Amino acid sequence: MTVGVLALQGSFNEHIAALRRLGVQGIEIRKVEQLLTVSSLIIPGGESTTMAKLAEYHNLFPALREFVKTGKPVWGTCAGLIFLADRAVGQKEGGQELVGGLDCTVHRNFFGSQIQSFEADISVPLLTSKEGGAETFRGVFIRAPAVLDVGPDVEVLAHYPVPSNKVLYSSSTVQIQEEDALPETNVIVAVKQRNLLATAFHPELTADTRWHSYFMKMTTEMEEEATSSTSSTIVS
Ligand code: GLN
């Protein structure tokens, strides 16, 4: 079982280090041929416009879209979430290319600029262990996006309850479009749609590997499903 980490820009080393702590070897992905060898893929945080330009340069977009369609697990953190979204707002002029597949709208810089970055404990029921371990996760939000709306197949895994006195974004740093949804008190920051997992924050920048463990579980389950459907085809 091999996990690829898109290594064009951003926190790919940190994802590889987190996987290593779980005993999993992450493979740096920069070329289409490399993508074909892995069972699942992590798209790290970073700067989504730069990442998109590099992906375009390496002609990776068609292969990334194909990867998403095959049903192999893909996890996007922060800029990776933006990459996976079907729709993005709060973009610079002209926007940027997206991989898509995740039926949601993201606001690229919902929580503001670099100086408005923050950390907060967020409640994630999914991460509660059978032994009843803590269900909160320390979310690291850096120029973070948020999910404004989700389609019917998208499961919401976590919200960030925005304190009412918090400045979400300022019109001087982010161009707010007329049609942008107004920020709600409970902002969506983690979602899942079948094989796609996305978090607006950066688990790779913490020592807590529960999100990486969860993604490994998704990868193992997908491999088992693929093996059992192959063997049932052979039997029939
Ligand atoms: N908002 C950033 C972008 O648009 C993403 C920030 C991050 O990945 N930390 O790319």
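Structural remarks
- Cβ-Cβ FRET estimate between Asp153 and Asn59, R0 fixed at 41 Å, reported to 0.05: 0.90
- Estimated FRET transfer efficiency when R0 is 25 angstrom, pair Glu47-Asp86 (beta carbons, to 0.05): 0.75
- Rounded to the nearest Hz, the phi-derived 3J(HN,Hα) couplings of segment 196-210 under the Karplus curve 6.51 cos²θ - 1.76 cosθ + 1.60 (θ = phi - 60°) are 10, 10, 8, 10, 7, 10, 10, x, 5, 9, 10, 8, 8, 9, 5, where x marks glycine and proline.
- Cβ-derived FRET efficiency at R0 30 Å, Ser39 paired with Thr128, nearest 0.05: 0.70
- The loop-placed trypsin sites (Lys or Arg not before Pro) in segment 24-73, going by DSSP, that have at most 13 neighbouring Cβ atoms within 10 Å of their Cβ come out as Lys31.
- Amide H contacts of Ile42 (H built 1.01 Å from N, in plane; Pro and chain starts excluded): Gly4, Val5, Leu6, Trp75 sit under 5 Å, all sequence-distant by 5 or more or on other chains.
- Cross-link pairs beyond the 20 Å C-alpha cut-off, checked among Lys72/Lys217; Lys31/Lys53; Lys192/Lys217; Lys69/Lys192: none
- Placing pseudo-labels 7 Å out from each Cα toward the beta carbon at Ala226 and Thr136 gives an inter-label distance of 3.9 nm.
- Linear extension gain, Thr2 paired with Asn186, 0.36 nm per residue minus alpha-carbon span: 62.7 nm
- For Ile188, nonlocal amide neighbours, meaning residues 5 or more places apart or on other chains whose placed amide H falls under 5 Å from its own, are Val147, Tyr160.
- The magnitude of the dipole of segment 1-128, with charges of +1 and -1 set on the Cβ of Lys/Arg and Asp/Glu and taken from the Cα centre, is near 220 debye.
- Rounded to the nearest Hz, the phi-derived 3J(HN,Hα) couplings of segment 48-61 under the Karplus curve 6.51 cos²θ - 1.76 cosθ + 1.60 (θ = phi - 60°) are 5, 5, 5, 4, 5, 5, 5, 5, 5, 4, 8, 6, 8, 4, where x marks glycine and proline.
- Per-residue ³J(HN,Hα) for segment 215-225, Karplus 6.51 cos²θ - 1.76 cosθ + 1.60, θ = phi - 60°, Hz, x for Gly and Pro: 5, 5, 5, 4, 5, 4, 4, 5, 4, 5, 4
Read the figures in this text as sums done on the coordinates, not as results from a lab. Predicted, not measured: the structure shown is a model, and the values here were computed from it. Positions of Cβ are generated from backbone atoms using ideal geometry, with glycine treated the same way; all protein chains shown enter the neighbour counts.
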